[in-house]
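Here is the structure we will look at.
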Amino acid sequence: MDCIFCKIADGTIPSKKVYEDDLIIAFHDIQPQTPVHIVIIPKQHIESMNGITTENSHIIAHIFEVIPQIAGENHLNGGYRIVSNCGKDGGQTVFHLHFHLMGGKKLNVAMG
Ligand code: 5GP
Ligand code: ZN
(Lines give C-alpha, C1' and ligand atoms only; values in the text may rest on other atoms or scores of the structure.)
(Ligands and ions follow the chains in the order given, each with its own letter.)
Protein backbone atom coordinates (compact mmCIF):
# COMPACT_ATOMS: atom_id res chain seq x y z
CA MET A 1 0.00 0.00 0.00
CA ASP A 2 1.27 3.41 -0.94
CA CYS A 3 0.87 5.17 2.39
CA ILE A 4 3.46 7.68 3.62
CA PHE A 5 2.69 7.08 7.30
CA CYS A 6 2.83 3.27 6.95
CA LYS A 7 6.30 3.80 5.47
CA ILE A 8 7.28 6.08 8.36
CA ALA A 9 5.94 3.44 10.79
CA ASP A 10 8.04 0.66 9.20
CA GLY A 11 11.11 2.88 8.80
CA THR A 12 11.12 2.93 4.97
CA ILE A 13 10.75 6.71 5.11
CA PRO A 14 12.91 8.38 7.78
CA SER A 15 11.38 10.68 10.38
CA LYS A 16 12.46 12.60 13.46
CA LYS A 17 10.96 10.20 15.98
CA VAL A 18 10.08 11.40 19.47
CA TYR A 19 8.25 8.30 20.75
CA GLU A 20 7.69 4.69 19.70
CA ASP A 21 6.20 1.55 21.20
CA ASP A 22 4.53 -1.60 19.84
CA LEU A 23 1.35 0.20 18.84
CA ILE A 24 2.18 3.79 17.95
CA ILE A 25 4.86 6.17 16.77
CA ALA A 26 5.24 9.95 17.10
CA PHE A 27 7.50 12.17 15.01
CA HIS A 28 8.04 15.81 14.13
CA ASP A 29 5.83 17.15 11.33
CA ILE A 30 7.86 17.92 8.21
CA GLN A 31 6.08 21.30 7.83
CA PRO A 32 5.53 22.52 11.39
CA GLN A 33 2.62 24.94 11.87
CA THR A 34 3.57 25.73 15.49
CA PRO A 35 6.94 25.81 17.34
CA VAL A 36 6.29 22.21 18.47
CA HIS A 37 4.31 20.13 15.95
CA ILE A 38 4.36 16.39 16.43
CA VAL A 39 2.31 13.80 14.54
CA ILE A 40 1.13 10.73 16.46
CA ILE A 41 -0.02 7.67 14.49
CA PRO A 42 -1.09 4.08 15.09
CA LYS A 43 1.38 1.68 13.42
CA GLN A 44 -1.64 -0.18 12.05
CA HIS A 45 -3.15 1.47 8.96
CA ILE A 46 -6.46 3.09 9.87
CA GLU A 47 -7.69 5.52 7.22
CA SER A 48 -9.16 8.22 9.46
CA MET A 49 -11.28 8.71 12.56
CA ASN A 50 -14.07 7.08 10.54
CA GLY A 51 -12.05 3.85 10.65
CA ILE A 52 -12.07 3.55 14.44
CA THR A 53 -13.81 0.33 15.54
CA THR A 54 -14.36 -1.79 18.65
CA GLU A 55 -11.35 -3.89 17.52
CA ASN A 56 -8.85 -1.04 17.16
CA SER A 57 -10.13 1.60 19.61
CA HIS A 58 -7.70 0.39 22.30
CA ILE A 59 -4.89 1.79 20.10
CA ILE A 60 -6.58 5.19 20.04
CA ALA A 61 -7.07 5.06 23.81
CA HIS A 62 -3.36 4.21 24.09
CA ILE A 63 -2.43 7.28 22.02
CA PHE A 64 -4.35 9.48 24.46
CA GLU A 65 -2.73 7.75 27.44
CA VAL A 66 0.73 8.53 26.04
CA ILE A 67 0.05 12.12 24.88
CA PRO A 68 0.79 13.71 28.29
CA GLN A 69 4.19 11.97 28.35
CA ILE A 70 5.09 13.11 24.82
CA ALA A 71 3.87 16.63 25.63
CA GLY A 72 5.97 16.73 28.81
CA GLU A 73 9.10 15.44 27.08
CA ASN A 74 8.68 18.19 24.49
CA HIS A 75 8.29 20.93 27.12
CA LEU A 76 4.63 21.68 26.46
CA ASN A 77 4.12 22.53 30.11
CA GLY A 78 1.79 25.46 29.37
CA GLY A 79 -0.59 23.26 27.43
CA TYR A 80 -1.11 22.08 23.89
CA ARG A 81 -3.70 21.28 21.24
CA ILE A 82 -4.64 17.95 19.64
CA VAL A 83 -6.12 18.08 16.13
CA SER A 84 -7.27 15.29 13.85
CA ASN A 85 -8.48 16.23 10.39
CA CYS A 86 -11.00 13.74 9.00
CA GLY A 87 -11.70 13.46 5.28
CA LYS A 88 -11.03 15.98 2.56
CA ASP A 89 -13.50 18.55 3.88
CA GLY A 90 -11.84 18.22 7.28
CA GLY A 91 -8.48 19.07 5.73
CA GLN A 92 -7.01 15.56 5.85
CA THR A 93 -4.17 15.15 3.35
CA VAL A 94 -2.58 11.90 4.57
CA PHE A 95 -5.19 9.13 4.77
CA HIS A 96 -3.64 7.26 7.69
CA LEU A 97 -5.22 8.31 11.00
CA HIS A 98 -3.05 10.77 12.90
CA PHE A 99 -3.25 13.29 15.69
CA HIS A 100 -1.39 16.59 15.54
CA LEU A 101 0.16 17.58 18.88
CA MET A 102 0.72 21.31 18.64
CA GLY A 103 2.11 23.89 21.01
CA GLY A 104 5.15 25.83 22.11
CA LYS A 105 3.34 29.17 22.13
CA LYS A 106 -0.11 30.50 23.07
CA LEU A 107 -2.24 29.24 20.19
CA ASN A 108 -4.99 31.26 18.58
CA VAL A 109 -8.49 29.88 18.45
CA ALA A 110 -8.87 29.25 14.73
CA MET A 111 -11.79 27.30 13.31
CA GLY A 112 -12.69 26.90 9.67
P1 5GP B 1 -3.23 16.25 7.58
O2 5GP B 1 -3.20 17.41 6.62
O3 5GP B 1 -3.58 14.96 6.86
O4 5GP B 1 -4.05 16.48 8.81
O5 5GP B 1 -1.76 16.12 8.15
C6 5GP B 1 -0.73 15.51 7.45
C7 5GP B 1 0.55 16.07 8.02
O8 5GP B 1 1.60 15.23 7.68
C9 5GP B 1 0.90 17.47 7.51
O10 5GP B 1 1.00 18.37 8.60
C11 5GP B 1 2.22 17.26 6.79
O12 5GP B 1 3.12 18.34 6.95
C13 5GP B 1 2.74 15.98 7.41
N14 5GP B 1 3.58 15.18 6.53
C15 5GP B 1 3.28 14.82 5.25
N16 5GP B 1 4.27 14.05 4.75
C17 5GP B 1 5.20 13.92 5.74
C18 5GP B 1 6.45 13.24 5.82
O19 5GP B 1 6.92 12.60 4.88
N20 5GP B 1 7.12 13.34 7.00
C21 5GP B 1 6.62 14.04 8.06
N22 5GP B 1 7.39 14.05 9.18
N23 5GP B 1 5.46 14.68 8.03
C24 5GP B 1 4.75 14.64 6.88
ZN1 ZN C 1 -0.95 3.82 6.37
- line: Counting Lys and Arg as +1 and Asp and Glu as -1 over every other residue whose Cβ sits under 14 Å from the Cβ of GLY78, the net charge comes to +3
task: List every residue whose amide H lies under 5 Å from the amide H of TYR19, counting only residues 5 or more places away in sequence or on a different chain, with H placed 1.01 Å from N in the peptide plane.
output: ALA26
field: Spin-label proximity, GLU65 to the range 11-38 - amide N less than 13 Å from point 7 Å beyond Cα toward beta carbon
entry: 21-24
query: Roughly speaking, to the nearest percent, how much of the chain's 1.4 Å accessible area is carbon and sulfur?
result: 53 percent
- request: State the cysteines of the chain left without a partner when partners are defined as other cysteines whose beta carbon lies under 4.7 Å away.
  value: CYS86
statement: In order over the range 70-87: 3J(HN,Hα) from phi, Karplus 6.51/-1.76/1.60, θ = phi - 60°, whole Hz, x for each Gly or Pro, gives 5, 4, x, 5, 9, 6, 8, 6, x, x, 6, 10, 10, 10, 9, 7, 10, x
- request: Hand me the GluC sites (Glu not before Pro) from the range 20-100 located in a DSSP loop with no more than 10 other Cβ atoms within 10 Å, in residue order please.
  value: GLU55
- prompt: For LYS88, which aspartates and glutamates qualify as cross-link partners when the Cα separation must be under 17 Å and same-chain residues fewer than eight apart are set aside?
  reply: GLU47
Convex hull volume of the range 1-43 per residue (C-alpha atoms, cubic angstrom): 70 Å³
Directionally averaged projected area (convex hull, Cα atoms, the chain), nm²: 7.2 nm²
query: How high is the relative contact order of the chain, given as a whole-number percent (alpha carbon pairs under 8 Å, six or more residues apart)?
result: 30 percent
- prompt: For the range 4-103, what is the accessible area per residue in Å², given a 1.4 Å probe and the full set of protein chains?
  reply: 55 Å²
- prompt: Dipole size in debye (nearest 20) for the chain around its Cα centre, Lys and Arg Cβ +1, Asp and Glu Cβ -1?
  reply: 500 debye
field: Reachable aspartates and glutamates, given that their alpha-carbon falls under 19 Å from the alpha-carbon of LYS43 and they are not under 8 places away in the same chain
entry: ASP2, ASP10, GLU20, ASP21, ASP22, ASP29, GLU55, GLU65
- prompt: Looking at ILE60, GLN33, CYS86, which one has the Cα that reaches farthest to the positive end of the dipole of the range 24-112 (charges on Cβ: Lys, Arg +1; Asp, Glu -1)?
  reply: GLN33
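The values are calculated or read from the model by the stated rules, or taken from the named source; none is laboratory data. For clarity, every value in this text was computed on a predicted model and none was experimentally measured. Backbone-built Cβ (ideal geometry, glycine too); neighbour counts: all protein chains shown. SASA here: full protein model, heavy atoms, side chains in, ligands and nucleic acids out. Shrake-Rupley method; radii C 1.70, N 1.55, O 1.52, S 1.80 Å.
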